[in-house]
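Q: Supplied in C-alpha cells, the structure appears directly below.
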Amino acid sequence: MCGIVGYAGRRPGKPIILDGLRRLEYRGYDSAGIVLVEDDGLESVRAVGNLDALFATCGQSTSEATVGLGHTRWATHGRPSDENAHPHDDCTGRVSIVLNGIVENYKELRAQLTERGHTLTSETDAEVVAHLIEERIGGGLTTAVRETVGLLDGHYALCAVSADEPEIVVGTRDQAPLIVGVGDDEMFFASAIPAFMAHTRTVIFLEDGDVVTLRAEGAEFCDVGGAPLVREETVVQWDDDAAEKGGYETFMLKEIHEQPAALRDTLAGRLLEDGTVDLSEVGIGDEMLRRVRRVFIVACGTSYNAGLIVSYAIEQLARVPVQIDVASEFRYREPVFGPDTLVIGITQSGETADTLAAMKLAREAGSPVLALCNVMGSQATRDADYVLFTRAGLEIGVAATKTHTSQVAALLLLALRLAWARGAQSEAELKRLGHELRAVPELVQQLLERDTAVNAIAQRYHDERFFLYLGRGMGFAVCLEGALKLKEISYIPTEAYAAGEMKHGPIALLDKESPVVVVADDSPIFPKLVSNIEEVRARGADVIAVATDGNEVIGELSRDVLWVPRCDHHLAPILTVVPLQLLAYHIATIKGLNVDQPRNLAKTVTVE
Ligand code: M6R
C-alpha cells in the first residue's frame, strides 16, 4: 500500500521518479506527489487521483534537480485530497517526507507539535514526521531521521529530503517495505523493485530499524543509535518487460495469459520427469514432514482461496488434518497450535500485514512456519522458517490471477511430497498425479484459446445485478475465487456458496434475473452437484457451468457451459478458475471499468 520512490544521482531526477511511480501505481492510486531538491529550495507538486492527474499537473515543467522523492497513495488516515497527498513539508518548507504505513501514535505527537507552535495542514499521520524532523534538523538530516524514528509507534517506511543537504535522501523502515537500488553513480529508494528495474537490478534489502543515507556515490547504513551497519547487495532476475503491458490492453489480461509460463516455472525442477516431487530447496526434509500432525494455513483474499483449494488435496492425499483461516481472524482468536503444527502463510506480495502478524504469532508459539511467496526478499520470506517461492514473475494487476494458479500448483507439490513422505498413497498413484500436474500448464494454454466463448457469455450477462456461485469441495473454493474476481473488478455483488448449503438460505435469492455459476468439474461429488443444479433450474435461474469436456449431463442442464480440458479432479482448480477470471475480466471491460485499478483497492495491503 502506497508506493515510495527516492532518487539521488547525477541525472535529472524528475522523469526517473515519475517513471518509478508509474511502475508502483498498483500499490495505491488515490493521490500522488513529487518533491525535487532545487537550487533554491524544495519544489513539491501533489494531485488527487491516479498518476495521470499528477502528470497533468507537473508533467510539462523541466527540472535539473538530481535528488527527489515521489509517492503514490492509498489513503489510510485522511481522505484523498491535495492536502493529504504526500510529500508532506515541515513549517519552514525546508524538509519534506513521504511515508508508507501507519504512525499509530500520531494523534499524541500531533497534539504535542501543535502545542509547540507547529502548524499542521493535513489530516494524515505522516505529516507529523516532517515536523518532528524539522525540530531535530540542527544535527543534519540523517541524525534528525534517526531521532524521529525513536518517537514513532507503528509500521512504516519513510524517506526524507532537506533543502539544506541537497545531495542526500534519507530513508528508514519498520515492518513496511523499503529497498535500495544501486545504480551507476545513482541510488534509489523504492517500495518495490519494479520502480528502478529499468536502471539497475542490484538491490539492498533493508532490515527493520536501518537508517540509510543515499548520495549519488552510494549508501551509508546505520542503526537508530547511529552505529554503522553493513548490508549485502543482491542481484535480482526479474525481467523489466514484466512492468510493461506487452501488447495487451491491461496488465490483468496479460497476467491471465502468462499463467502457462508461470505454472511451468513454478513446477520446474521440483516436479521431476518420473512424476516425483523434489522440494529439497525448501529445506523441509521428509523426516520433518512425517512429524507434522496438523497443517494450519493462514492468508488473505485470493491467497486464502488458494489455500482453501489445496486444503482439500492435503487432507485427501496426505491424510493430515488441515485448518485454514483468514489471517485477520486467526491472529485474534487465540488459535491452538504447537511444534507439530506446520503453519503455511500464503502471500504473493510477502507484505500483507495480517498474514505477517499471523505468521509471527505461529512462530512465537513454536510452530514451524512456511511462507509461500512470490517476491524475493519480502518480509514474509524473512520471517518464515522455510520459503517456497511461486515463480509467477511480477504481478501488477490488482486482481491476482497468475499468482493464484501458481500458488495452487506450488501447494499441490507440497501436498504430493507430504503424501509421499508419510506413505499416505501408493508411489504409483502419486507419480500418476505428478505426471498429470506436469501436463497442466499446456492444458491452461489450450483453455486460454477458448476465450471467445467466455467473452460471448460475458456479453450476454454483463448487465445482471447479482451472480451466485455454487460448487462443492475444491469447486466451492474455486467459486470463492471466481466470485471475488467478479466483485472486485466489476463491482457486481456476488455470493459464493457450498452448493449443499444452498437450501439453508441462499436459495431465497434465486429468480430468473440472477445467473448461477456452477463449478462442476468431474469430481467424485459431481452427482450431488447435479441435484443442486436441478434445484437452481426449478427456480428459473440460468445456469452457467464450468465443466469438463464431454460431460453430457452438464451440457443438458445448463444454459451455458465454459468447457475445460479433462484432468484429475485434485488438479482441476487450476483449470476451472481460468474461465472465471476471464468472465470477470470481460464483464468489467464491457462495463468500461479500469480492471487494473479497481476502486478503493490496492495491490498490497500493508496495514491491518
Ligand atoms: O499479497 P497477498 O497474497 O498477501 O495479498 C492478499 C490479498 O490482498 C490479495 O490476494 C487480494 O485479495 C487480491 N488482490 C484479490 O485479487
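The values are calculated or read from the model by the stated rules, or taken from the named source; none is laboratory data. All values derive from a computational prediction rather than experimental measurement. Every residue, glycine among them, receives a Cβ derived from its backbone with ideal geometry; neighbour counts consider all protein chains shown. In case anyone asks, the SASA skips ligands and DNA or RNA and just uses the protein heavy atoms, side chains included. Shrake-Rupley method; radii C 1.70, N 1.55, O 1.52, S 1.80 Å.
Q: Only residues that are of a type in the set (S, T, N, Q) and modelled with pLDDT of 85 or more: list them for segment 49-74, please.
A: Once the filter is applied, which keeps residues that are of a type in the set (S, T, N, Q) and modelled with pLDDT of 85 or more, segment 49-74 yields Thr57, Thr62, Ser63, Thr66, Thr72.
Q: Take Ile457 and tell me if it is surrounded by fewer than 24 Cβ atoms within 10 Å (Cβ to Cβ), within 16 Å of the ligand (Cβ to nearest atom) and modelled with pLDDT of 95 or more.
A: no
Q: Next question, about the same structure. Considering Leu109, Leu152, Leu120, which residue is under 32 Å from the mean Cα position of the chain (by Cα) and assigned to a loop (DSSP other than H, G, I, E, B)?
A: None of the other options fit; the residue is Leu152.
Q: Six or more apart or on different chains, Cβ atoms under 7 Å: show the pairs whose first residue is in segment 588-600 and open to solvent by 30 Å² or more (accessible area, probe 1.4 Å) and whose second is of a type in the set (A, V, I, L, M) and part of a loop (DSSP other than H, G, I, E, B).
A: Correct list of pairs: Thr589/Val595; Gln597/Val398.
Q: Still on this structure, I have one more. Please work out which one of (1) away from the ligand (no atom under 16 Å from the Cβ); (2) buried (at least 23 other Cβ atoms within 10 Å of the Cβ) is the condition Pro573 fails and give its number.
A: If we test Pro573 against (1) away from the ligand (no atom under 16 Å from the Cβ); (2) buried (at least 23 other Cβ atoms within 10 Å of the Cβ), just (1) comes out false.
Q: Can you pull out the residues in segment 390-448 that are farther than 25 Å from Glu249 by Cβ, outside any loop (DSSP other than H, G, I, E, B) and basic (Lys, Arg)?
A: Once the filter is applied, which keeps residues that are farther than 25 Å from Glu249 by Cβ, outside any loop (DSSP other than H, G, I, E, B) and basic (Lys, Arg), segment 390-448 yields Arg417, Lys431, Arg432, Arg438.
Q: Check whether at least one residue in segment 207-219 is charged (D, E, K, R) and in contact with a His (Cβ under 8 Å, 6 or more places away or on another chain), and report yes or no.
A: no
Q: Anything in segment 283-328 that is touching a Lys or Arg at 6+ places or on another chain (Cβ under 9 Å) and outside any loop (DSSP other than H, G, I, E, B)? List them, or say none.
A: Scanning segment 283-328 gives Asp286, Leu289, Arg290, Val298, Thr302, Ala318, Val322, Gln323, Asp325.
Q: Another question, if that's okay. Can you tell me which of His77, His86 is in a loop (DSSP other than H, G, I, E, B), within 29 Å of the chain's Cα centre (by Cα), modelled with pLDDT under 95 and within 29 Å of Met187 (Cβ to Cβ)?
A: From the options His77, His86, the qualifying one is His86.
Q: Give me the pairs, please: first residue somewhere in segment 511-530 and in contact (Cβ under 8 Å) with a residue 12 or more places away in the chain, second residue anywhere and crowded, with 17+ Cβ neighbours inside 10 Å and basic (Lys, Arg), beta-carbon distance under 7 Å, and either six or more positions apart or on two chains.
A: That search, which allows pairs on different chains as well, returns Ile525/Arg472; Lys528/Arg472; Leu529/Arg472.
Q: Continuing with the same structure: Between residues in segment 323-342 that are without any contact (Cβ under 8 Å) to a residue 40 or more places away in the chain and residues that are open to solvent by 70 Å² or more (accessible area, probe 1.4 Å), which pairs lie under 8 Å by C-beta distance while being six or more apart or on different chains?
A: Listed pairs, sorted by first residue: Asp325/Arg333.
Q: Separate question: Scan segment 229-240 and tell me whether some residue there is open to solvent by less than 40 Å² (accessible area, probe 1.4 Å) and touching an Asp or Glu at 6+ places or on another chain (Cβ under 9 Å).
A: Scanning segment 229-240 turns up no residue that is open to solvent by less than 40 Å² (accessible area, probe 1.4 Å) and touching an Asp or Glu at 6+ places or on another chain (Cβ under 9 Å).
Q: For residues in segment 396-411 being at pLDDT below 95 and within 10 Å of the ligand (Cβ to nearest atom), which is nearest to Arg438 (Cα to Cα)?
A: The selected residue is Gly397.
Q: Trp563 versus (1) in contact with a Lys or Arg (Cβ under 8 Å, 6 or more places away or on another chain); (2) open to solvent by less than 10 Å² (accessible area, probe 1.4 Å); (3) under 20 Å from Leu447 (Cα atoms): which is the lone unmet condition?
A: Evaluating Trp563 over (1) in contact with a Lys or Arg (Cβ under 8 Å, 6 or more places away or on another chain); (2) open to solvent by less than 10 Å² (accessible area, probe 1.4 Å); (3) under 20 Å from Leu447 (Cα atoms) leaves (2) as the failure.
Q: Select from segment 281-331 the residues that are acidic (Asp, Glu) and farther than 15 Å from Gly423 by Cα and write down the one among them that is surrounded by the most Cβ atoms within 10 Å (Cβ to Cβ).
A: Asp325
Q: Only residues in segment 562-581 that are over 17 Å from Glu449 (Cβ atoms) count as the first member; pair them with residues that are outside any helix (DSSP H, G or I) and among the hydrophobic types (A, V, I, L, M, F, W, C), Cβ under 9 angstrom, at least 6 apart or cross-chain, and list the lot.
A: So the pair list comes out as His569/Ile525; Ala572/Val519; Ala572/Val564; Pro573/Val519.
Q: Let me ask something else. Only one of Glu315, Glu364, Glu334, Glu351 is within 14 Å of the ligand (Cβ to nearest atom) and among the acidic types (Asp, Glu). Can you tell me which?
A: Only one candidate passes the filter, namely Glu351.
Q: Report, by residue number, each residue of segment 4-16 that is crowded, with 24+ Cβ neighbours inside 10 Å and in a helix (DSSP H, G or I).
A: Gly13, the sole residue that qualifies.
Residues checked against (1) touching a strand residue (DSSP E or B) at 6+ places or on another chain (Cβ under 7 Å); (2) among the aliphatic types (A, V, I, L, M); (3) closer than 17 Å to Val128 by Cα:
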site	(1), (2), (3)
Arg11	no, no, no
Ser44	yes, no, no
Ser61	no, no, no
His86	yes, no, yes
Thr114	no, no, yes
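Q: If you don't mind, another one. Applying the selection to segment 370-395, what residues are within 15 Å of Ile256 (Cα to Cα) and either away from the ligand (no atom under 12 Å from the Cβ) or surrounded by fewer than 22 Cβ atoms within 10 Å (Cβ to Cβ) (or both)?
A: Scanning segment 370-395 gives Arg391, Gly393, Leu394.
Q: Here is a further query. Please give the number of the condition Ala219 fails out of (1) within 24 Å of the chain's Cα centre (by Cα); (2) in a strand (DSSP E or B).
A: (1)
Q: Just one of the numbered conditions (1) within 11 Å of the ligand (Cβ to nearest atom); (2) outside any loop (DSSP other than H, G, I, E, B); (3) open to solvent by 20 Å² or more (accessible area, probe 1.4 Å) is not true of Gly345; which one?
A: All conditions are met except number (3).
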